[in-house]
Amino acid sequence: MVTSVRRREALREATAWVRRTGETGRAAASARRVPWIFVAPAAALCSAVLLIPSLLGAFYAFTEWDGLTAPKWVGLGNFAEFFTRPEGTGVLAHTLVIVVCYVVGVNAVGLGLALGLERALRTRNVLRTLFFVPAVVSPLVVAYVWKFILDTHGPLNTALEALGLGAVAQPWLAKPETALPAIIGVMVWQFSGYHMLIYLAGLQGIQAETREAAMVDGAGSWLLFRHIILPQLRPAITIGVALSTIISFTLFDQVMALTGGGPSGKTETLGTYVYKQAFVNGQYGYSAAVALLLVGVVCVAAAGQLRALRREDS
Amino acid sequence: MSRGSRILACGALLVPLLAAGCANEARDADTLEISTISGGPNDPIDTVVREFRAANPGITVTVKKVPFDQHLQGIRRRLSTGRPPDVVTTLPGYGESSSSASLADKGLLLDLSASPWSKEILEADRRITGDGTRTFVYPVSSQAVGTFYDPKVLAREGLSVPTTFSEVLTLCRTVARKGKVAFAMTGQEGAGLTIFVGLALAASDVFADDPRFGERRLAGQATFAGTAGWARSMEHFQQMKDAGCFDKGAAGSSREAAAQAFAKGEALMAVGTTVTLQLFQAGDANLKLKMFPFPGSDDPAKVRIPIGPAVGLVVPKKAGNPGLAKKFLDFYAAGRERYARLDASVPAIPVRTNKPDVPDYAEALRPYLQAGKTAPIMDQHWPNPEVHTQYASGLTEILLGKKDPGQTLKAMDAAWTERAP
């Protein structure tokens, strides 16, 4: 009651000041312009490197264009072609498999690490750093290191043979059955530490009293996790899932470095497919259409995540 | 949003467009711009440019070198701009979207038929360097596919160079029994050595009976799946795999790992082109390798050597200084024998002869070249890279024991397009 009276008084004083100074129109207009002046340089840069190329790209998605001669309008022809080409559905399927497996894998491992390292271990800070280090290394560098490890004559197979598990050793990146899991494994290995940090931050937001009260009531580790920790970790889970979804949909570096999309296109993803159609096959219009499709898929996924986040907030 | 703010926002959007428009500055009339691939320390283009500058005082020559992949990807973009470079290095024939024939088909290259060297281009290379009547590319160097080996290693193992395909299989089995492999191999995407073995086999299996297959396939008069020679070449590859010619994990080995296996003597031979010598020397310049013709047939008379131009130089139609560009190519061609010696390559346009040639370490291939027992580097006739990808993938799947070879040929036909992309 007191607050609303004060607010009304403040508003009355401000209106009186504007009337006294007679600056209503000009001052307000110039005050409104200030943010735009600050935003203009960034907007110019953003439009040059992002907005204009994206809009042009979206236009070319509806054309047949070889990058050399004038584009020819084909309407939705490129999109239809993607779904009728034999490799089109394969590319989409590989991408979805990677998205599902990576999102589940990286968040599960990240959460597991966070729960493990939340405890008062003497080495927890060292371990946290060790697990986080791969996330700050270039994905390309990580992929090349793993390519060496997973080579037929690489350290992994050598170690398996030394342990008497020679039958398990195989050309991991050359076999269609193992190449895609290998890529997902490398990605999960690299980014689990990053997701561990997200979940550690979430765990620190859970009040110790709540946990203690649950334990006094006789809750074991599983019940504590299921009914106390997990519900309060939902905002962190939403962020973790949203980030991992976007990363996995736009995956490019690791696939190019590890398998180049092979063997026989069995690890081709939307990202690598867009690149190859444009820069190897010279089909810029078709490539732009697939890229636009990728943007659409990512937007839908991100919108779903945002909706879930808002529901949590409310 | 106020009117002023709207103007400000529009300005912010237009500035980049105006800046992009102003970036296309004019080039000096005496300036020659060359766009090429980053070469080694003995890249002949550096010497050619230096001597060309000395012979033409007052001109400015700029050379922009970028790595191989980046250069190939950038060619189309640069040719589509208002002022492309005056001279551009590219791959002759088809095969890549930026190969010379793909660009010439779109009318983007200058006709170089009037150049003195144009008439000296080998008959077999005319379809690669032009369209039969016009010439669009100056073929700089030549490459031939053969089998690298270290004579000392082969002698130490008590083996001799095979001269028929059956002898190749026998040698593979003998070497496999000793715990080694006959041929270094990798099937990894984009790095595979499978393609060289495939081309070496197809040279004998296909081109001995049908020397014009490449042109007939381009004209739509033949298919891969419908040609007995191609089926035979795939069967031969399968037989090599079954005879233990390659490492069991070859499909998953990197090119570097295969080259190291060869350098260490774990793999006794490697099929490749003459331009891959440095890869197989694995940094050891003292390794004196030799090359013998890969016998893709049991009839020595039917053995053929794949040979063709390795790289070429083209002049874009929109080049700022086409006259100076042509003069540069003529200058390069006049001294090509001397320039090729700098990086131990062989000029694609032979000097004092009308026969193709090879480096001295591949002298065993020379009698075949002299006798005209050659085949093209086949993918230079393939209109898009997807055909090559299907072929390489099919060979890798044979290494993995996965695919019926006939399916690969059908996939290559399915990937064939009438026009280059």
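The values are calculated or read from the model by the stated rules, or taken from the named source; none is laboratory data. Because the structure is a prediction, the values reported are computed rather than measured. Every residue, glycine as well, gets a Cβ built from its backbone with ideal geometry; the counts of neighbours run over all protein chains shown. Heads up: the accessible areas ignore ligands, DNA and RNA and are worked out on the full protein's heavy atoms, side chains in. Shrake-Rupley method; radii C 1.70, N 1.55, O 1.52, S 1.80 Å.
Among the residues here, residue A:298 qualifies as under 17 Å from residue A:99 (Cβ atoms), within 16 Å of the chain's Cα centre (by Cα) and either of a type in the set (A, V, I, L, M) or within 14 Å of another protein chain (Cβ to nearest Cβ) (or both). Per the conditions (1) within 24 Å of residue B:253 (Cα to Cα); (2) open to solvent by 10 Å² or more (accessible area, probe 1.4 Å); (3) in contact (Cβ under 8 Å) with a residue 12 or more places away in the chain; (4) not acidic (Asp, Glu), the sole criterion not satisfied by residue B:391 is (2). Looking for something within 25 Å of the chain's Cα centre (by Cα), at pLDDT 90 or above, within 11 Å of chain B (Cβ to nearest Cβ) and outside any loop (DSSP other than H, G, I, E, B) - is there at least one such residue anywhere in region A:143-159? Yes, region A:143-159 contains a residue that is within 25 Å of the chain's Cα centre (by Cα), at pLDDT 90 or above, within 11 Å of chain B (Cβ to nearest Cβ) and outside any loop (DSSP other than H, G, I, E, B). Scanning region B:317-347 for residues that are touching a helix residue (DSSP H, G or I) at 6+ places or on another chain (Cβ under 6 Å), part of a helix (DSSP H, G or I) and over 14 Å from residue B:116 (Cα atoms) yields B:339, B:342.
For (1) modelled with pLDDT under 90; (2) acidic (Asp, Glu); (3) in a helix (DSSP H, G or I); (4) surrounded by fewer than 19 Cβ atoms within 10 Å (Cβ to Cβ), each residue gets a yes or a no:
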position	(1), (2), (3), (4)
A:271	no, no, yes, no
A:281	yes, no, no, no
A:288	no, no, yes, no
A:302	yes, no, yes, yes
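Considering region B:266-281, and only residues there that are touching a helix residue (DSSP H, G or I) at 6+ places or on another chain (Cβ under 7 Å) and open to solvent by less than 20 Å² (accessible area, probe 1.4 Å), the residue that is nearest to the other protein chains (Cβ to nearest Cβ) turns out to be B:267.
Note on region B:113-159: residues that are of a type in the set (S, T, N, Q) and within 21 Å of residue B:358 (Cβ to Cβ) total 5. For region A:249-274, the tally of residues that are closer than 15 Å to residue A:295 by Cβ and hydroxyl-bearing (Ser, Thr, Tyr) stands at 3.
Could you list, in sequence order, the residues of region B:399-410 that are assigned to a helix (DSSP H, G or I) and surrounded by fewer than 24 Cβ atoms within 10 Å (Cβ to Cβ)?
So in region B:399-410, the residues assigned to a helix (DSSP H, G or I) come out as B:399, B:405-410.
Within region B:399-410, B:405, B:406, B:407, B:409, B:410 meet the criteria.
So, residue B:176, is that one open to solvent by 50 Å² or more (accessible area, probe 1.4 Å), of a type outside the set (D, E, K, R) and part of a helix (DSSP H, G or I) or not?
Numbers: open to solvent by 50 Å² or more (accessible area, probe 1.4 Å): no; of a type outside the set (D, E, K, R): yes; part of a helix (DSSP H, G or I): yes.
Judged against the criteria, residue B:176 is not a match.
Residues satisfying the criterion are absent from region B:101-108 (criterion: open to solvent by 20 Å² or more (accessible area, probe 1.4 Å) and more than 29 Å from residue B:390 (Cβ to Cβ)). For region A:210-224, the count of residues that are open to solvent by 60 Å² or more (accessible area, probe 1.4 Å) and either closer than 17 Å to residue B:249 by Cβ or touching a residue at least 12 places away in the same chain (Cβ under 8 Å) (or both) is zero. For region B:60-96, residues that are part of a strand (DSSP E or B) and among the polar types (S, T, N, Q) total 4. Is it the case, given these coordinates, that residue B:114 is outside any helix (DSSP H, G or I) and surrounded by fewer than 16 Cβ atoms within 10 Å (Cβ to Cβ)? In short, yes.
Is it true that some residue in region A:124-131 is away from chain B (no Cβ under 14 Å), within 30 Å of residue B:194 (Cβ to Cβ) and surrounded by fewer than 19 Cβ atoms within 10 Å (Cβ to Cβ)?
From region A:124-131, those away from chain B (no Cβ under 14 Å) are A:124-131; that's our starting set.
Imposing the further condition that a residue be within 30 Å of residue B:194 (Cβ to Cβ) reduces the set to none.
Looking through region A:124-131, none of the residues is away from chain B (no Cβ under 14 Å), within 30 Å of residue B:194 (Cβ to Cβ) and surrounded by fewer than 19 Cβ atoms within 10 Å (Cβ to Cβ).
So which residues in region B:231-265 are open to solvent by less than 30 Å² (accessible area, probe 1.4 Å), outside any helix (DSSP H, G or I) and either within 14 Å of chain A (Cβ to nearest Cβ) or of a type in the set (Asp, Glu) (or both)? Passing the criteria: B:246, B:249, B:253, B:254. Looking only at region B:99-137, residues that are farther than 17 Å from residue B:377 by Cα, of a type outside the set (D, E, K, R) and modelled with pLDDT of 85 or more come to 16 in all. Might you check whether a residue that is open to solvent by 50 Å² or more (accessible area, probe 1.4 Å) and among the aliphatic types (A, V, I, L, M) occurs anywhere in region A:167-175? Checked against the condition, which is being open to solvent by 50 Å² or more (accessible area, probe 1.4 Å) and among the aliphatic types (A, V, I, L, M), region A:167-175 yields at least one hit.
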